[in-house]
Each structure stands twice: as C-alpha cells, then as structure tokens.
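**Student:** Dropping the structure in here first, questions after.
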Ligand code: C5P
C-alpha cells in the first residue's frame, strides 16, 4: 500500500458560473448604503476559469485573457486578487499565488463575472495552499468580498436576501434556454442603484420600496416545475428602469428579443446585458439571430441554466485555450 502523502500541486484550476436574476426586487436602502434585496438567482453555463499557481511568499500576481480581458483591472482592485488576499489573511499564511483568469462572462455586464472570478479564486487558492477552509467559512469570506460572491460558490438556483448574500437553495427543473445580448458599454452597479434611488425619490411616499420585498410564489413554482412559459411571464427586475434610464438603447434590445419570440425579456442584474428566455434551443437560435442583426448588441450567446456553482477542474479536463 502506498502511504505517501500526495505531492502538493503547483497549480490548481477552478471555474465559476455567471448568473441571471430571474427576480430582482429591491427594497429600502439600509443605513450601510446597501439595499435590502429579495432576489432569485439562476446560474447559467457561462463560466470564467481561474488557474492559481504557487508564487513567491506574499506575492499575488494576476493575468487575464478572453472576453473583454483588457477591461479587467490587474491591480489590488481586482476581486480575484482581493479574494486571494482575504483567504491568506484569514489563515495567517504568507503563501504566494499567480492567478490566470480566462474571462467568458462579460465585464461589468450585470452577470456577476467579477464575483465568479472571486469564488473560483477562493476555491483554487484553498486547494493550492491546502488551507482546507470549511464551507461555512468560505461562504463568510465570499460575502465579505461582495453580495454576489456567495451565489457564485453555490450555483444552481437560490433565493437571495439581505444584500443578496443570505442564500437558500431553490429547486429548479432545467434546462432553461436563454439568449444573452452583450451591450457595447458597461454599467457600474453602484451607479445603477444610485439611479434607482433617484427615480424612487421622485415618486410619492406610498410608491417607495418596501423594506424587504416578498419572493413571487408564481415564479418559484415555475422554476420548480420547469415551466418556461410561466417563468418568462414572471421575470422581474426592479433595477431595469434605472438601467434603461442610464442606457436607453437597451429598450430596443428588449423589444427585438420579445418580437423574435422570447417568452420573457429582462435586463440581467444591474445590466447592461439583456437575457431572453426561450422554449428550446431552436427558439433560442432564432432569437439570437434577430439580436445579432441589431447594431445596439455587441455579441450574442445562447446558454442553458441552471449551472453548477464554483468547482475545481481536474487537471486532465482543463481548457488548453483562452479562446471563447
Ligand atoms: O456587494 P457589491 O460590492 O457587489 O456591491 C456593489 C455595489 O452595488 C455596492 O457598493 C452598492 O452601491 C450596490 N449594492 C446595493 N445593494 C445591494 C447590493 C449592491 O446598493 N444589495
């Protein structure tokens, strides 16, 4: 019997999915500046990948390839760099790491791509440094990094409350067939929330957000039974008006998808990515073709959901190319 301890890997790869909020109900602004949310997250099969390689003690380096790579910061503001630093501080180690990120999720697109990179980095560094962080602690570190990072760890579908970090698994029958339309520009999440607040301040007091909005039972039932028609009719995003106010061209994108037969059309999170739910892969291709012909749309992708949360990629199945 071989009792030798397996050698510590020099390099570990993890992958994490992007998300669509099929319900995003925004409640009151809290004293800490965040908004109370009731959201239903759905992870979709569009993943970023992070390879973590041992580096000199205390060092965190990052390189990025793939979609929009040039738009991703490579300094200490990069959420993956912050994730590596937070894990290092949590364990009081000075282990070093070089992170190599392959982007497929649009940058500042409302699909939590930076959060996916942070979640994948937590898993990859935890395995690389052999720090064996229990899942509850990983979740706590993830919520410190950002409201969407815990869901990127969890994946599939979940009800999110608090500022989005308090999660409960939701049953979902898939696959659900989505079309994503990436816009030419970005939207910064804080700017979209600020616009949401500005628009609500103009409304009468009784039309202002409730402290903690309820989850929509019809939407939860549609997810549970895999009823795409009912889900399409129930899609709701309270940030959509603010995203459209900052980026009016999105209204045309939503109209094109709806006219091409989508069951439901919605801005994803804080935008500007738009998501269209369709009946099957054929319908998805037809909606994708209509959107691709629009000059307001930079790129179109078809994706299925739900998708698995952040996980390690065994060495033999690692991608060999950064092309998307
Ligand atoms: O948590 P995260 O860093 O991803 O949030 C980015 C920004 O989005 C926050 O600084 C805040 O402006 C806004 N936000 C919010 N309420 C939430 C989540 C995010 O106001 N529940």
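The values are calculated or read from the model by the stated rules, or taken from the named source; none is laboratory data. Just so you know, these numbers come straight off a predicted model, no measurement behind them. Virtual Cβ from ideal backbone geometry, glycine too; neighbours counted across all protein chains shown.
**Student:** Out of (1) at pLDDT 95 or above; (2) at positive phi; (3) touching a helix residue (DSSP H, G or I) at 6+ places or on another chain (Cβ under 9 Å), the odd one out for residue 130 is which?
**Tutor:** For residue 130, the failing item is (3).
**Student:** Something else about it: Here is a check on your reading of the model: is residue 172 away from the ligand (no atom under 16 Å from the Cβ), at negative phi, assigned to a loop (DSSP other than H, G, I, E, B) and surrounded by fewer than 24 Cβ atoms within 10 Å (Cβ to Cβ)?
**Tutor:** Criteria met by residue 172.
**Student:** Identify all residues within the range 119-152 that are out of contact with any strand residue (DSSP E or B) (no Cβ under 8 Å at 6 or more places or on another chain), within 14 Å of the ligand (Cβ to nearest atom), in contact (Cβ under 8 Å) with a residue 24 or more places away in the chain and in a helix (DSSP H, G or I); write none if there are none.
**Tutor:** Listed by number, the residues that qualify are 141, 142, 144, 145, 149.
**Student:** Out of the residues in the range 287-319 meeting the condition of being surrounded by fewer than 16 Cβ atoms within 10 Å (Cβ to Cβ) and part of a helix (DSSP H, G or I), tell me which one is modelled with the lowest pLDDT.
**Tutor:** 317
**Student:** In addition: Give the range 16-50 a look and list any residue that's over 12 Å from residue 105 (Cβ atoms) and surrounded by fewer than 21 Cβ atoms within 10 Å (Cβ to Cβ), or say none.
**Tutor:** Passing the criteria: 27, 28, 29, 30, 31, 32, 33, 34, 35, 36.
**Student:** Of everything in the range 83-108 that's more than 9 Å from the chain's Cα centre (by Cα), surrounded by 24 or more Cβ atoms within 10 Å (Cβ to Cβ) and within 16 Å of the ligand (Cβ to nearest atom), which residue is nearest to residue 154 (Cα to Cα)?
**Tutor:** Going through the qualifying residues, I end up with 83.
**Student:** Further question on the same structure: Counting only residues that are more than 23 Å from the chain's Cα centre (by Cα), give me the helices (runs of 4 or more DSSP H) lying completely in the range 183-284 with at least 1 of them.
**Tutor:** Ranges flagged: 189-201, 217-225, 228-234, 250-259.
**Student:** Test residue 63 against the criterion of being away from the ligand (no atom under 16 Å from the Cβ), buried (at least 22 other Cβ atoms within 10 Å of the Cβ) and over 15 Å from residue 152 (Cα atoms), and give yes or no.
**Tutor:** Judged against the criteria, residue 63 is not a match.
**Student:** While we're here: Quick one: would you say residue 28 is away from the ligand (no atom under 15 Å from the Cβ) and in a strand (DSSP E or B)?
**Tutor:** No, not satisfied.
**Student:** To continue, here is another question. Answer with yes or no whether residue 163 is free of Cβ contacts under 8 Å to residues at least 24 places away in the same chain and part of a loop (DSSP other than H, G, I, E, B).
**Tutor:** No: the conditions fail for residue 163.
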